[in-house]
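The values are calculated or read from the model by the stated rules, or taken from the named source; none is laboratory data. Please read these numbers as outputs of a predicted model, since none were measured by experiment. Note: ideal-geometry Cβ built from the backbone for every residue, glycine included; neighbour counts use all protein chains shown. These accessible areas exclude ligands, DNA and RNA; they are computed on the full protein's heavy atoms, side chains included. Shrake-Rupley method; radii C 1.70, N 1.55, O 1.52, S 1.80 Å.
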Amino acid sequence: MNIALFDAKEYDISSFEKYSKERDINIKYFDVKLTKDTVSLAKGFDGVCVFVNDSLDEEVMNKLYEYGIKAIFLRCAGFNNVDLHAAFKKLHIYRVPSYSPHAVAEHAFALLQTSNRRIHKAYNRVRDYNFSLVNLTGMDLYGKTVGVVGTGKIGRCFIDIAKGYGMNVISYDKFPSEIDGVKNVDLNILFKESDIISLHCPLTNENMHMINSESISKMKKGVIIINTSRGALIDSKALLDGIKSRHIGAACLDVYEEESDIFYTDKSNHILNDNNLLQLIAMPNVLITSHQAFLTNEALSNIADTTTQNIIDFYNGKISENELCYHCANIENCKKKRNMKCF
């Protein structure tokens, strides 16, 4: 089994090496993303392993099929970058549905508390021997209302942490479930009542730019918005306008809608051409990390473990619940018994 792993970073290689050796999988690591310009590197391999910012559109899918690639193995949960229709009856798609929901939820709260209590600003001040407390005032999270959009595994971990802080939790999910101490509400009510809004849902055509100028206008003045899911859930221009008008109190972002050519790379010697991102970075009440919420030792190990097991299962003809198919009525919440391959 020969696999081409794209967009490989040092932490990917170290975690995958262990499991690939144990399971007798040959992996070739490429540091470039999979795109229409790099897809030719996949020639001669049995499958490809990709991450969130690799491009798997129809053109790339057709090329992979032409090269004899049989399967694509996502080392992530999200699949909004994958054209499942184009892959059907050509390429089998596998993902890692859960690697460490705790890692992402904890990072979301780390962003929130860093922003709220100005930890990053205090850290920089003290390094300059400035021990002033001026403009470092935050707020108690205890008793505040946090609206959680998406109550899957990550959303539920976030809710558990919020409960530990003594927060009032309300939630919205397209497919709601009962959670002790959490009130399911309409999305508009969540926007209206929340002091803090945290996004934990997959990106779909239906919810793209769910945070936009209209939804922001419904929110409380001073609301804090957290996004550790997918960047395009938020219209970055509308977010900027909300910040500039002082309607949005703070934004904590681990993702950005135009991140694919920026995040995971060193741009320190380059001039960024993305004006929205430049302005967001310049805002004193915006905290941005480069899609690192997943980045813990436990998550990396789980990703490598599950991905290599997906590879083994596919090539041994085993049925896997981790396979994706657009025929599922709702892929993210598929309840059907998986007793056959998608095609």
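A few comments on the model shown:
- Rolling a 1.4 Å probe over the heavy atoms of the protein chains gives the chain an accessible area of 49 Å² per residue.
- Rounded Å value of the spacing that divides the Cα centres of the stretch 98-140 and the stretch 28-83: 37
- Each Lys and Arg Cβ is given +1 and each Asp and Glu Cβ -1; about its Cα centre, the stretch 20-94 then shows a dipole of about 200 debye.
- Overall form of the stretch 212-313 per C-alpha gyration tensor (a/c, 1.5; a/b vs b/c): prolate
- GluC sites (Glu not before Pro), loop per DSSP, at most 16 other Cβ atoms within 10 Å - longest free stretch of the chain: 1-177
- Per-peptide packing, taken as the mean over residues of other Cβ atoms within 10 Å, places 230-239, 284-293, 132-141 in the sequence 230-239, 284-293, 132-141 from highest down.
- Accessible surface of the chain, 1.4 Å probe: 49 percent of it comes from carbon and sulfur atoms.
- Taking the Cα centre of the chain as reference, the dipole from Cβ charges on Lys and Arg (+1) and Asp and Glu (-1) amounts to some 560 debye.
- Fraction of alpha-carbon pairs over 18 Å apart in the stretch 226-268 - percent: 32
- Global geometry of the stretch 122-276, whether rounded, prolate or oblate, following the gyration tensor of its Cα atoms and the 1.5 cut on a/c: oblate
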